[in-house]
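A.B. asks: Got a structure for you, written out below as structure tokens; questions coming shortly.
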Amino acid sequence: MTVAVVTDSSSCLPAAVAAENGVSVVPLHVLVDGIDHREGVDQIPDHSTAGTPVTTSGASPGELTDVYAAALERSRGAGVVALHISRGLSSTWEAARQAADQVGTGIRVVDSASAGMGLGFAVLAAAESAAGGADLDAVYHDAVTASAMSRCFIVVDRLDHLRRGGRIGTAAALLGTALAMKPVLHISDGTLVLREKTRTSSKALNKLVDAALAAAADVGDDSGVALAVHHMQCAERAESVAAMLASRIPRVTSIDVFPFGAVLGAHVGPGAVGVVVAPGRR
């Protein structure tokens, strides 16, 4: 009997990685021109064109209930640890609590207080713990610990997408548009907040790298540091950031470049680059 691990599509885990680690992924939703698409399941049309009406929504209690019940059965009673996008960024966590109550005992829900690979690294830590034979309480503990250790930073070309989606305050959005400011943001206490203002994209990316360097010194230990670089339609820029990080951070156990998924991409907009720093994986 092995504890089952569940997450949602905001983790940005490639399907092959999720499958390899035995992780079930619940899709979040992108509504383009009013048509609902499930992230990671349906073909989602390009929604980067200015003026295209796009909204997102979390997983429903019913969707989560079905996945939790199947995962619990698969675990043969060992239990389920479900890690989800920050409740400060999505309604998914509240739906997860409802679903866990509906399924009954054996479901432990974790608010990752993060998104992207900030969530993804914690999911992989939980899956590793479960594969090693840890019981439900131990896997839950490892998931919570890994969630607390990740650090997430992001540079966006404009804050318009985040402001429209309600993921950052109007005042901060004004700071991003005034005088063509290029803001550096980070996730703090589960919400996206302004970290620093810069005037050019190159300065913003340098500040992004500096923030990741400081975070690596903070979270790194004997196991080293794991890094992920996200991007929205700017792979070359992300690869450049990844190269800078690889050359300046010692004992990097892994560094991968992942596109933002459709849900997160709808909020950060084209040109966004994010960096996630986490303890190295064994």
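A.B. asks: Taking Cα atoms, how many degrees apart are the long axis of helix 61-74 and the longest axis of the chain, rounded to 10 and kept between 0 and 90?
C.D. replies: Tilt relative to the chain: about 50 degrees.
A.B. asks: A further question on this structure: If you stretched the chain out fully between Arg76 and Asp36, how much longer would it get, using 0.36 nm times the residue separation minus the C-alpha to C-alpha distance?
C.D. replies: Numbers: separation 40, 0.36 × 40 = 14.40 nm, distance 3.38 nm.
So the extension gain works out to 11.0 nm.
A.B. asks: Among rounded, prolate and oblate, which fits the chain when a ≥ b ≥ c are the square roots of the eigenvalues of its C-alpha gyration tensor, a/c under 1.5 means rounded, and a/b larger than b/c means prolate?
C.D. replies: Working: a/c = 2.02, a/b = 1.30, b/c = 1.55.
Judged from the Cα gyration tensor, the chain comes out oblate (a/c at least 1.5, b/c at or above a/b).
A.B. asks: What do you get for the angle between helix 117-131 and the principal long axis of the chain? Use alpha-carbon atoms, 0 to 90 degrees, nearest ten.
C.D. replies: 20
A.B. asks: With angles folded into 0 to 90 degrees, how steeply does helix 136-149 sit against the dominant principal axis of the chain? Use alpha carbons for both and round to 10.
C.D. replies: 10
A.B. asks: Another question, if that's okay. At a probe size of 1.4 Å, how large is the accessible area of Thr2, to the nearest 10 Å²?
C.D. replies: 80
A.B. asks: For a label point 7 Å from the Cα of Asp135 along Cα→C-beta, name the residues of segment 97-118 whose backbone N is under 18 Å from it.
C.D. replies: Residues 105-109 fall inside that zone.
A.B. asks: Here's a follow-up. Rounded to the nearest 5, what % of the DSSP beta bridges within the chain are antiparallel ones? Before the final figure, lay out each step's value.
C.D. replies: Details: 31 of 50 bridges.
Of those bridges, close to 60 percent are antiparallel.
A.B. asks: Is the shape of segment 1-115 rounded, prolate or oblate, going by the alpha carbon gyration tensor and its root eigenvalues a ≥ b ≥ c, with a/c under 1.5 for rounded and a/b larger than b/c for prolate?
C.D. replies: Details: a/c = 2.26, a/b = 1.79, b/c = 1.26.
Prolate, because a/c is 1.5 or more and a/b exceeds b/c.
A.B. asks: Does segment 53-142 come out rounded, prolate or oblate, given a ≥ b ≥ c as the square roots of the eigenvalues of its C-alpha gyration tensor, rounded meaning a/c under 1.5 and, failing that, prolate meaning a/b above b/c? Let's see the in-between values first.
C.D. replies: On the way: a/c = 2.23, a/b = 1.31, b/c = 1.70.
Since a/c reaches 1.5 but b/c is at least a/b, the shape of segment 53-142 is classed as oblate.
A.B. asks: Here is a further query. What distance in nm lies between label points placed 7 Å from Cα along the C-beta direction at Glu236 and Ser223?
C.D. replies: If labels sit at Glu236 and Ser223, their model points lie 3.7 nm apart.
A.B. asks: Based solely on its DSSP helices, what 222 nm [θ] is calculated for the chain when runs of n ≥ 4 H residues each add -39,500 (n - 2.57) and the sum is averaged over all residues, nearest 500 deg cm²/dmol?
C.D. replies: Values: 10 runs with 114 residues, N = 282.
One gets -12500 deg cm²/dmol as the mean residue ellipticity at 222 nm.
The values are calculated or read from the model by the stated rules, or taken from the named source; none is laboratory data. Because the structure is a prediction, the values reported are computed rather than measured. Cβ atoms come from the backbone with ideal geometry, glycine included; neighbour counts cover every protein chain shown. Just so you know, the surface numbers come from the protein's heavy atoms only, side chains and all, with ligands and any DNA or RNA stripped out. Shrake-Rupley method; radii C 1.70, N 1.55, O 1.52, S 1.80 Å.
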